[in-house]
Amino acid sequence: MLPGNTPTLMASSRFRNGNDQYTSLLAHFDGALDSTVMPDSSIVRPKGNAIVATPARLNTSIVKFGTSSLLMNSGGYILWPCHADFDFPAGTDFTIDWWEYLGATTDGMTTFGGYTEATYQNIMLCYHYAGYQRCFMSSDGANWDIGGGGRNMGPISLNQWKHFALTRQGTGYRTFQNGSQQDYWIDAKTPYPAGGTAGYIGLGRAQAQSLFNGLVDEFRISKGIARWTANFTPPTSPYG
């Protein structure tokens, strides 16, 4: 060990600007135009490259951070294989957050769908309905029973970047749009463990009408921490 360094300090130097010991998945979506190589950049247990269903691809013309973003405007979606880091047992805080740029909207369109083979997914985020984006979660795969279903994630807006987040602290769930809290509820139930895949970016409920139309950047799943529990200023740079 180098003089003056402690194990704690040396370990903490690995963690940079939101990419830390809690980060289960981090997708920067940086790369060349039309590339389908999309690695997980989390530090502790990186999950490798996403499985890409074309025509999902990288785009360099509309970008939030870095060199490119994930484009899904003519079908297509991406996913990572199932991993225990993507399950959230009772008592485990968590956060899912990302940036998105909508090119169009239709009822049923979804940004993130956990275990889309199920009729009732464990987590479904930014489901479009009647001008708003909604959060649905299930503890048993048979009902939208966490929060009563259809919790608010804020109004739909096209052709602009927006930051979204879902957090759980204890039994308290919160949704945020651009750092402003949209909804809050208490529920002791937890999303059931996903099987087969961690979840899809750009697809919900395995239905064509759920395919996302737009761009996504800086998608992150954090386990063991509710990164925001009140209004906040959205990130101004990519995570480390």
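The values are calculated or read from the model by the stated rules, or taken from the named source; none is laboratory data. All values derive from a computational prediction rather than experimental measurement. Quick reminder, even Gly has a Cβ in these numbers, built from the backbone with ideal geometry, and neighbours come from all protein chains shown.
Can you confirm whether residue 80 is closer than 20 Å to residue 212 by Cβ, outside any loop (DSSP other than H, G, I, E, B), modelled with pLDDT of 95 or more and not polar (S, T, N, Q)? No: the conditions fail for residue 80.
Residues that are at pLDDT below 95, surrounded by fewer than 17 Cβ atoms within 10 Å (Cβ to Cβ) and either among the charged types (D, E, K, R) or part of a loop (DSSP other than H, G, I, E, B) (or both) occur in the range 51-72; there is at least one. Can you pull out the residues in the range 87-140 that are assigned to a loop (DSSP other than H, G, I, E, B) and either without any contact (Cβ under 8 Å) to a residue 12 or more places away in the chain or within 16 Å of residue 187 (Cα to Cα) (or both)? Passing the criteria: 88, 89, 90, 91, 92, 93, 122, 138, 139, 140. On the basis of being surrounded by fewer than 22 Cβ atoms within 10 Å (Cβ to Cβ), out of contact with any His (no Cβ under 7 Å at 6 or more places or on another chain) and under 18 Å from residue 92 (Cβ atoms), does residue 165 make the cut? So residue 165 fails the test. The residues on offer are 226, 230, 208, and the sole one that is surrounded by fewer than 22 Cβ atoms within 10 Å (Cβ to Cβ) and modelled with pLDDT under 90 is 208.
Here's the yes/no breakdown for (1) surrounded by 24 or more Cβ atoms within 10 Å (Cβ to Cβ); (2) small (Gly, Ala, Ser); (3) at pLDDT 90 or above; (4) out of contact with any strand residue (DSSP E or B) (no Cβ under 6 Å at 6 or more places or on another chain):
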{"residue": "112", "(1), (2), (3), (4)": "yes, no, yes, no"}
{"residue": "117", "(1), (2), (3), (4)": "no, no, no, yes"}
{"residue": "121", "(1), (2), (3), (4)": "yes, no, no, no"}
{"residue": "132", "(1), (2), (3), (4)": "no, no, yes, no"}
{"residue": "137", "(1), (2), (3), (4)": "yes, no, yes, no"}
{"residue": "144", "(1), (2), (3), (4)": "no, no, yes, no"}
{"residue": "149", "(1), (2), (3), (4)": "no, yes, no, no"}
{"residue": "152", "(1), (2), (3), (4)": "no, no, yes, no"}
{"residue": "155", "(1), (2), (3), (4)": "no, no, yes, no"}
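Every condition in (1) modelled with pLDDT under 95; (2) surrounded by fewer than 13 Cβ atoms within 10 Å (Cβ to Cβ) is met by residue 32 except one, and the failing one is (1). The set of residues in the range 222-240 that are more than 25 Å from residue 45 (Cα to Cα) and either among the aromatic types (Phe, Trp, Tyr) or in contact with a helix residue (DSSP H, G or I) (Cβ under 9 Å, 6 or more places away or on another chain) (or both) contains only 232.
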